[in-house]
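These notes concern the structure reproduced below.
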Amino acid sequence: HGYEMLPLQRDEIKVAAIQKVNFPVDPADPKPGILKNLDLMLSLTVEAAKQDCQLMAFPEFTLTMGRVEGEVFSIRWTRDEFLKVAITVPGPETDAIAATAKDHRCYICFSSYTQAPDWPGHIFNSSILIGPAGDILFNHWKAYIGHPGFGASYTTTVYDVLDEFLARYGRDAVWPVSITPIGNIAGYVCSEGFNPEVARIYAIKGAEIICRNFGGGGKGLRYGRYPILFRGDCAGSQVWGIYANTGTLEPGDPETSFHRSS
């Protein structure tokens, strides 16, 4: 194939694209909301593991959802509010996810607003993969914010700090691919997929499975052009794709990302 890979553990794998409720997080007191999201995330991971899934993909805002305003969610937080909400990686939340991944011998790809001790004052919108050994296999920073002024404009991308990033981690970390015995896995967040080059970059680097942590809702996002574009990107780049959306506002849907409970 021309890229690095490991011998596969099995000829076929089973994956789960988990459309979970993302409960709003209050920046004034973020821990209860984050814990509620984490508890639901872990319980759904266990349920998927019981169905013999080896890879679980979660949507954008898996742990750190914005407030609900009317019938839509908002992430119009201040920088200080983002810093209060963003989880630390590694930290207690990733430790809990890692313990579940170890217990059930699975891979978990999720998205959250994050921060890191070695990047003080920076906020990232990350796609994170944790493996069955409990290790963080990648922590990819969302490279395209998509909607300036929507709060995401406070987040740092690799390209904002490219020289320092390359000096610390090397060029290969800009678009990370994790080489695993269930296939080579990459992940990206929501509007990064508005650019077909993202899937192409990952494919060139040897990705065989791409997890897209999508944050949306509404019939147009769930059934409309974005899933179709993702399928096209994966087909054109000859990779498998897992599209995990946050849900819809449609009546009768089993889950919705815009849940009003606190």
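Of the set (1) touching a Ser or Thr at 6+ places or on another chain (Cβ under 6 Å); (2) open to solvent by 10 Å² or more (accessible area, probe 1.4 Å), all apply to TYR188 but (2).
Of all residues in region 1-25, those being part of a loop (DSSP other than H, G, I, E, B) and farther than 26 Å from ALA86 by Cβ number 14. Within region 184-200, the residues that satisfy the criterion of being at negative phi and either within 11 Å of the chain's Cα centre (by Cα) or among the hydroxyl-bearing types (Ser, Thr, Tyr) (or both) are ALA186, GLY187, TYR188, VAL189, SER191. On inspection, GLY215 qualifies as crowded, with 22+ Cβ neighbours inside 10 Å, part of a loop (DSSP other than H, G, I, E, B) and modelled with pLDDT under 95.
So that you can scan it fast, the table gives a plain yes or no per residue for (1) more than 20 Å from the chain's Cα centre (by Cα); (2) of a type in the set (Lys, Arg); (3) modelled with pLDDT of 95 or more:
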site: PHE165; (1), (2), (3): yes, no, yes
site: TYR202; (1), (2), (3): no, no, yes
site: ALA207; (1), (2), (3): no, no, yes
site: GLY220; (1), (2), (3): yes, no, no
site: THR246; (1), (2), (3): no, no, no
site: PRO251; (1), (2), (3): yes, no, no
site: GLU255; (1), (2), (3): no, no, no
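Only one of the numbered conditions (1) touching a strand residue (DSSP E or B) at 6+ places or on another chain (Cβ under 8 Å); (2) within 19 Å of ASN125 (Cβ to Cβ); (3) modelled with pLDDT under 95 is violated by ASP160, and that is (1).
From the list ASP26, ASP39, the one residue that fits, being among the acidic types (Asp, Glu) and at pLDDT 95 or above, is ASP39.
Scanning region 125-135 for residues that are in contact with a Cys (Cβ under 9 Å, 6 or more places away or on another chain) and not in a loop (DSSP other than H, G, I, E, B) turns up ASN125, SER127, ILE128, LEU129, ILE130.
In region 222-244, the qualifying residues are those that are modelled with pLDDT under 85 and hydroxyl-bearing (Ser, Thr, Tyr), and the one that is surrounded by the fewest Cβ atoms within 10 Å (Cβ to Cβ) is TYR223.
The values are calculated or read from the model by the stated rules, or taken from the named source; none is laboratory data. The structure presented is a predicted model; accordingly, all values stated were derived computationally and were not measured. Quick reminder, even Gly has a Cβ in these numbers, built from the backbone with ideal geometry, and neighbours come from all protein chains shown. Note: accessible area is taken over every heavy atom of the protein model, side chains too, but ligands, DNA and RNA are not part of it. Shrake-Rupley method; radii C 1.70, N 1.55, O 1.52, S 1.80 Å.
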